[in-house]
């Protein structure tokens with residue numbers, strides 16, 4: 001399944017090169033904050049400008065100093081089915097009411113997206129990507145699906161207590177393709193003085209996954225070998241006080257996707273793969 005999906009991803013990348021969906025990269029060289037300011041992006045938007053009511057482009061932000069948005073009043077980002085937002089670093093800020101993401105996709109490996117709600121959107125969170133939702137009364141409306149692909153990613157509901165999240169949103173959330181179950185693969189913790197809660201993947205769901213991406217692969221093996229012969233607790237997978245062949249055996253048995261559900265590629269979908277892993281063969 002993985003090989004097939006990666007081949008599809010490579011084909012998708014070729015489609016981009018042949019004039020597919022326009023991809024714009026944040027530079028902040030305009031007013032330094034507005035999504036609609038074309039000068040803040042490298043590349044040429046469709047139709048010569050970014051239409052916030054129907055964003056057809058894929059917008060990529062990879063700048064830890066970026067603070068995008070933040071103007072007061074309604075500033076919903078309305079994407080078409082082909083458009084979407086990719087955040088590797090930086091913050092999509094919230095400066096007032098009526099601020100949302102509508103449709104398209106949201107793919108994060110880092111940074112923070114602050115909105116009131118996210119609606120009719122496909123969301124994949126990896127790495128340290130985190131969403132902060134300030135809206136109450138269903139900030140993840142029906143039509144939105146969220147897949148968590150990292151123990152370091154998650155969602156902060158500022159005005160939804162755990163019971164509300166379980167009743168309203170749990171069916172819209174998965175962990176690397178598996179149904180989200182409180183206590184099994186996700187945890188809900190009180191937040192915002194008890195008015196809200198933080199949703200994250202259970203950190204010890206896959207002990208051999210040393211980098212937290214819900215996969216046991218070469219990256220984890222590299223970290224493990226760096227701790228070989230030491231007493232490093234993070235690599236002592238059998239808990240006997242040292243890092244040795246027995247721990248390596250645990251890692252090899254766990255190789256591949258963590259046992260959270262159907263095996264999915266680390267980047268979620270072909271569109272996401274081509275953005276995160278452009279050098280796929």
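Bear in mind these aren't lab numbers, they're just calculated from the coordinates by the rules spelled out. Treat the numbers as computed from the prediction; the structure is a model and nothing was measured. So basically every Cβ, Gly included, is an ideal-geometry build from the backbone, and we count neighbours across all protein chains shown.
Answer rounded, prolate or oblate for the stretch 2-201, using the Cα gyration tensor with square roots of eigenvalues a ≥ b ≥ c: rounded when a/c is under 1.5, else prolate when a/b is larger than b/c, else oblate. Since a/c reaches 1.5 but b/c is at least a/b, the shape of the stretch 2-201 is classed as oblate.
The stretch 21-51 and the stretch 175-198 have Cα centres separated by 35 Å.
When each of the peptides 59-65, 181-187 is scored by the mean number of other C-beta atoms lying within 10 Å of its residues, the order from highest to lowest reads 59-65, 181-187. The alpha carbon centroids of the stretch 96-120 and the stretch 218-252 are separated by 38 Å.
Normalised by residue number, the volume inside the convex hull of the Cα atoms of the stretch 46-96 is 83 Å³ per residue.
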